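As structure tokens, the structure follows; a few thoughts come after it.
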Amino acid sequence: MDEHERSTSTMHKVAHGGRRFDHSSAQRAANSRGETLEQLLDRNLAELLQELRVAFTGVQILFAFLLSMAFTQRFTELDGFDIAVYVVALLSTALATMVLIAPVSFHRIVFRRGQKAALVLVADRLLMVGLALLIPAICSSVLLILDVVLGRWQAILGCSVTVLVGLVTWYALPLAIRFAGHRVAP
């Protein structure tokens, strides 16, 4: 086995929980759409990149806001609760930023190595983790701002509604449709 084959084998094992990547489901999906496997991977990668662009724009704005917030005069007036919420918001936003940027680095490292299937799979997983990190990032930011502006109980109510909307629209609804097992026409 040459170096490239070992690298590919290792990447497939890493990207797929220790087992080799099974192209059969991807091949079936490609065949059902009249595409080659390469066309399917190219399309999936393009769709992932577009989704990452949308998610990352919001993360950048939130992260910039949170970073600048610590340097305002009013920041020194925050109580212990607000500081703790700020730290959660800042760290979850920073982690979301790192995870959502990770596919770029991954792509650069595996570029032109015939590992697009691994790239698509890993980028998909990283996007899901990044989105999961956005819920506490957004909700803790809402909690902090509403606590400062309106008060604690209004902040908890606003944060709770934000969490609920995020979980329902980002996870419950898509999973319900996915597990229903049939296609829904637009």
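Points worth noting:
- Among the residues of the stretch 41-89, those identified as of a type in the set (Phe, Trp, Tyr) and farther than 14 Å from residue 137 by Cα are 71, 75, 81.
- Of the residues 99, 85, the single one that is without any contact (Cβ under 8 Å) to a residue 40 or more places away in the chain and not small (Gly, Ala, Ser) is 99.
- From the options 28, 43, residue that is over 24 Å from residue 135 (Cα atoms), modelled with pLDDT under 85, touching an Asp or Glu at 6+ places or on another chain (Cβ under 9 Å) and charged (D, E, K, R): 43
- Contacts under 9 angstrom Cβ, first residue in the stretch 55-67 being closer than 17 Å to residue 85 by Cα, partner among the small types (Gly, Ala, Ser) and exposed (fewer than 15 other Cβ atoms within 10 Å of the Cβ), 6 or more apart: none
The values are calculated or read from the model by the stated rules, or taken from the named source; none is laboratory data. Quick caveat, the model's predicted, so the values are computed rather than measured. Neighbour counts run over all protein chains shown; Cβ positions are idealised from the backbone, glycine included.
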